[in-house]
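**Q** Dropping a structure here in structure tokens format, bear with me for questions.
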Amino acid sequence: MSAMIQAEGLTKYYGRVLAVDDVSFSVDEGEVVAFLGPNAAGKTTTMRMLTGFTPATMGSAAIAGHEVATESLAARQHIGYMPEVMALYPELTVQQYLAHFAKLRGVESHDRDERIEEISALCGVEEVADTHCGKLSKGYRQRVGLAQALVHDPDVLILDEPTIGLDPVQIRETRRLIKDLGKEHTVMLSTHILPEAQMTCERVIIIANGQIVAVDTPANLAAQIRKTETMYLKVREESSRAPRTIRDMADVIDVQPADETRGDGKAYLVSSEMGVDIREQLSTLAIQRGWGLLEMRPVAMTLEDVYLDLTTEEEGV
Ligand SMILES: Nc1ncnc2c1ncn2[C@@H]1O[C@H](COP(=O)(O)OP(=O)(O)O)[C@@H](O)[C@H]1O
Ligand SMILES: [Mg+2]
């Protein structure tokens, strides 16, 4: 299988700000990959380097085997890019706007009308064909952005936060459309929303602070990080010594107060080595010390925890 998107040591400085730091990855033909990371992680900057809109300070990108820096025309022929913020021409109608890009990207003039019709139907923008771009709602603007990206029938789609700012119904429609497109295209979409990555993509590339921190399937990511098991423990007595006493247990790694302390008592999250069952030990301890055991249950780690774990900097614990 050949790589359709290849990033090799991509690095971007804005002045002295290091926005993207030595980013390498590849996306194979037919894959649908999420580029997941919090705001300011470097997603947009990376995508702009992949598509040739911003030169890399260091490193290189290739699309369908064409170097973006040196074979930009050939590379761009394969790319459908939906930027985070669309540069719409407010005075053009949607029809004219799409025709403009079709021409620009080399769609033969005798094919243009048919192509625009086809893509307008697919992206649901037929009803705004004669509307001026400047007058489009956010939802339509996103769809026109997608139509624009697809107009020259590229095989690689690079979509920068395609669902941002949409209402829930539009989000669902857009995700469905992307899934459909994924059957025939190589797709890389950026998002800061974890469930979106899980729902639409087979593989996730996680970026934080300009660096790739993980690349895997959603399921593997959740499993990979699960090195510890966590137990939720709730006791009646507010004993200031309880955390230290629990932490002194042989298999316990850490004890943290649980955020949610609904009702009576005091709750803790007790993490222990993977595969060690501390329930008996822990309950015995709580009873011996007379803390008043109210609740004890294992806590499953979600991909949400994994994501937070990977993208949040340790704050000098
Ligand atoms: N044109 C620019 N000039 C200066 N700094 C920028 C510019 N674009 C982005 N940055 C900075 O680079 C970092 C990464 O931004 P960006 O790629 O937009 O992240 P994301 O898309 O993940 O939110 C941020 O710290 C941002 O402030
Ligand atoms: Mg962005």
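The values are calculated or read from the model by the stated rules, or taken from the named source; none is laboratory data. For clarity, every value in this text was computed on a predicted model and none was experimentally measured. Cβ: placed from backbone, ideal geometry, glycine included. Neighbour counts: every protein chain shown.
**Q** Out of the residues in the range 189-202 that are within 12 Å of VAL33 (Cβ to Cβ) and surrounded by 16 or more Cβ atoms within 10 Å (Cβ to Cβ), which is nearest to ligand 2 (Cβ to nearest atom)?
**A** Residues of the range 189-202 within 12 Å of VAL33 (Cβ to Cβ): 189-191, 197, 200-202.
Those still in the list that are surrounded by 16 or more Cβ atoms within 10 Å (Cβ to Cβ) too: 189-191, 197, 200-201.
Details: LEU189: 12, SER190: 6, THR191: 10, ALA197: 14, THR200: 17, CYS201: 17 Å.
In this case the residue turns out to be SER190.
**Q** Would you confirm, using the coordinates I've provided, whether ARG76 is in a helix (DSSP H, G or I) and closer than 20 Å to ARG143 by Cα?
**A** no
**Q** If we keep just the residues of the range 31-59 that are touching a Ser or Thr at 6+ places or on another chain (Cβ under 9 Å) and surrounded by fewer than 19 Cβ atoms within 10 Å (Cβ to Cβ), which is nearest to LEU194 (Cα to Cα)?
**A** Once the filter is applied, the top-ranked residue is PRO38.
**Q** Tally up the residues in the range 176-202 that are under 20 Å from ALA3 (Cβ atoms), part of a strand (DSSP E or B) and touching a helix residue (DSSP H, G or I) at 6+ places or on another chain (Cβ under 8 Å), please.
**A** Taking the range 176-202 and keeping what is under 20 Å from ALA3 (Cβ atoms), we get 181-190, 201-202.
From what's left, part of a strand (DSSP E or B): 186-190.
Next, from what is left, pick out any that are touching a helix residue (DSSP H, G or I) at 6+ places or on another chain (Cβ under 8 Å): 187-190.
Within the range 176-202, residues that are under 20 Å from ALA3 (Cβ atoms), part of a strand (DSSP E or B) and touching a helix residue (DSSP H, G or I) at 6+ places or on another chain (Cβ under 8 Å) number 4.
**Q** Which one of ILE205, ILE119, ILE158 is out of contact with any His (no Cβ under 7 Å at 6 or more places or on another chain), buried (at least 16 other Cβ atoms within 10 Å of the Cβ) and more than 28 Å from VAL306 (Cβ to Cβ)?
**A** Residue meeting the stated conditions: ILE119.
**Q** Could you tell me which residue of the range 122-155 is surrounded by the fewest Cβ atoms within 10 Å (Cβ to Cβ), considering only residues that are polar (S, T, N, Q) and modelled with pLDDT under 95?
**A** Step by step, filter the range 122-155, then rank; the result is SER137.
**Q** Under 8 Å between Cβ atoms, at least 6 apart or on separate chains: pull out the pairs that start in the range 202-225 with a residue that is modelled with pLDDT under 90 and end on any residue that is surrounded by fewer than 17 Cβ atoms within 10 Å (Cβ to Cβ) and among the hydroxyl-bearing types (Ser, Thr, Tyr).
**A** Listed pairs, sorted by first residue: ALA222/THR302.
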